[in-house]
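Remarks on the structure that follows.
The values are calculated or read from the model by the stated rules, or taken from the named source; none is laboratory data. Just so it is clear, the model here is predicted, and its values are computed rather than measured. In this analysis, Cβ positions are derived from the backbone assuming ideal geometry, glycine residues included, and neighbour counts consider all displayed protein chains. Ligands, DNA and RNA are excluded from the accessible area calculation, which covers all protein heavy atoms including side chains. Shrake-Rupley method; radii C 1.70, N 1.55, O 1.52, S 1.80 Å.
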Amino acid sequence: MLELSNIVKIYQGGTVNETCLFDGFSLSVPDHQFVCVVGSNGSGKTSLLNIICGTIPIENGTVRIGGKNVSNMPEYKRHRIIGRVYQDPAKGTCPSMTILENMSMADNKGKPFNLRRCVNKKKAGEYRDLLAELGLGLEDKMGVKVGNLSGGQRQAMAMVMTTMTPIEFLILDEHTAALDPKTAEIIMQLTGRIVAEKQVTTIMVTHNLRYAVEYGDRLIMMHQGKSELDLTGEARKNLRVEELLQKFNEISIECGN
């Protein structure tokens, strides 16, 4: 379980531009839950993910994963149990390395470094099988540098690589925002399949309200560092895109937009 308790996050503290985004924010995410988070720019969506991953510090509060307080745990240690796919496809893969080399690096996540070779060619067959499931022909390009692939191909690879080793949480940070509509649909279908197969607790931030309605079993709408809407069960299941858009617009109008 993921637990955020009484989180306080201040940006540019001590300056005339000081902004308190989170002021006593709390959130609990049970194991195996798939949470979709929506909200306008500046509502706190990405900051929430950064706090969970340890990318940014907090002024007060606690972050617990599996009952363990990780508030002071550095980002690189949290990434042993957290997988994150970013909006920019370039952030999830190494462009100067081949597909085989990228897959091998991902397969060695969390393992101790030593003088053995990073690329285990004996496992190339396993990697090919994983990539073949994507239906993008990547299994036939194992020697191609990832920088030569399309954004969608790289994002699909990032999804596979992030979940190759056991993780407790999957963080999806607007991971379809930089893709064309057709490719975004492919990545979302892949996302749904991976989350279901791995049974991994997932938090997905998205600006696409349809994806937020069609995927996951919990929906949270953020606004100015607060949770304005938190739906699960039948309320979440029966939610329509039009209703979600209406709520989104109501909040926007209240803010004078």
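Please report, largest first and rounded to whole Å, the three semi-axes of the ellipsoid equivalent to segment 128-251, where each semi-axis is the square root of five times an eigenvalue of the C-alpha gyration tensor. Provide the component values of the computation, followed by the final result.
On the way: eigenvalues 184, 49, 31 Å².
With the √(5λ) rule applied to segment 128-251, the semi-axes are 30, 16, 12 Å.
Given a 1.4 angstrom probe, what's the average accessible area per residue across the chain, in square angstrom? Don't skip to the answer; put the middle values down first.
Working: 13120 Å² over 257 residues.
Value returned for the chain: 51 Å² of accessible area per residue.
Please list log₁₀ I(q)/I(0) at q = 0.10, 0.19, 0.20 Å⁻¹ for segment 1-116, using the Debye equation with identical point scatterers on the alpha-carbon positions.
Computed log10 I(q)/I(0) values: -0.40, -1.13, -1.20.
Quick one: pull the percent of accessible area on segment 28-172 belonging to carbon and sulfur, 1.4 Å probe, ligands and nucleic acids left out. Walk me through the numbers before you get to the answer.
Details: 3590 of 7110 Å².
Exposed carbon and sulfur together represent 50 percent of the surface.
Starting from the Cα of residue 12, move 7 Å in the Cα-to-Cβ direction to define the label point; list residues of segment 25-61 whose amide nitrogen is under 19 Å from there.
It comes to 41-48, 56-59, nothing else.
Dipole of the chain, Cα-centred, from +1 at each Lys and Arg C-beta and -1 at each Asp and Glu C-beta, to the nearest 20 debye? The partial results should precede the final answer.
Values: 30 positive and 29 negative charges, 245 e Å.
The dipole magnitude comes to about 1180 debye.
Kindly state, to the nearest 0.05, the FRET efficiency for residue 5 paired with residue 198, given R0 = 22 Å and r defined as their beta-carbon distance.
The calculated FRET efficiency here is 0.25.
Rounding to the nearest 20 debye, state how big the charge dipole of segment 1-148 is about its Cα centre with +1 on each Lys and Arg Cβ and -1 on each Asp and Glu Cβ.
680 debye
Stretch residue 240-residue 207 to full length: gain in nm at 0.36 nm per residue minus the Cα-Cα span?
Fully extending the segment from residue 240 to residue 207 adds 10.3 nm.
With runs of 4+ DSSP H residues as the only contributors, calculate the mean residue ellipticity of the chain at 222 nm using -39,500 (n - 2.57) per run, divided by the residue total and rounded to the nearest 500.
Mean residue ellipticity at 222 nm (helix-derived): -9500 deg cm²/dmol.
Assuming R0 = 25 Å, what is the FRET efficiency of residue 72 and residue 230, from their Cβ-Cβ distance, to the nearest 0.05?
Values: r = 28 Å, r/R0 = 1.11.
E(calc), rounded to 0.05, equals 0.35.
Assuming R0 = 51 Å, can you tell me the calculated FRET efficiency for the pair residue 28 and residue 96, based on Cβ-Cβ distance, to the nearest 0.05? Kindly include the intermediate steps, with their values, before the conclusion.
Values: r = 41 Å, r/R0 = 0.80.
My answer for the efficiency is 0.80.
Output the peptides 153-163, 184-194 sorted from most to least packed, where packing is the average of other Cβ atoms within 10 Å over each peptide's residues. Working shown, then result.
On the way: 153-163: 23.5, 184-194: 17.5.
Per-residue Cβ counts within 10 Å, averaged per peptide and sorted highest first, yield 153-163, 184-194.
If you consider only alpha-carbon coordinates, what radius of gyration and Dmax does segment 138-193 have, in Å?
Using the Cα atoms of segment 138-193, the pair Rg, Dmax is 11.8, 31 Å.
Stokes-Einstein at 4 °C, 1.567 mPa s, Kirkwood radius from Cα pairs: D for segment 204-244 in µm² s⁻¹? Working shown, then result.
Working: Rh = 10.5 Å.
Estimated via Stokes-Einstein, D reaches 124 µm²/s.
On the principal axes of its Cα set, how long, how wide and how thick is segment 45-188? Give whole Å, largest value first.
Per principal axis, max minus min of the Cα coordinates gives 49, 43, 24 Å.
Can you spot the aspartates and glutamates whose alpha carbon is less than 15 Å from residue 145's alpha carbon? Ignore those fewer than 8 places along the same chain.
101
Please list, by residue number, everything in segment 147-166 whose backbone N is under 11 Å from a paramagnetic label point 7 Å out along Cα→Cβ of residue 177.
The answer is none, because no backbone nitrogen lies closer than 11 Å to the label point.
Work the Kirkwood hydrodynamic radius out for segment 24-76: mean of 1/r over every pair of different alpha-carbon atoms, inverted, in Å. Let's see the in-between values first.
Details: mean 1/r = 0.0810 Å⁻¹.
For segment 24-76, inverting the mean 1/r across all distinct Cα pairs yields 12.3 Å.
Return one quarter of the surface area of the convex hull spanned by the alpha-carbon atoms of the chain, equal to its mean projected area, in nm².
Computed as one quarter of the Cα hull surface, the answer is 15.5 nm².
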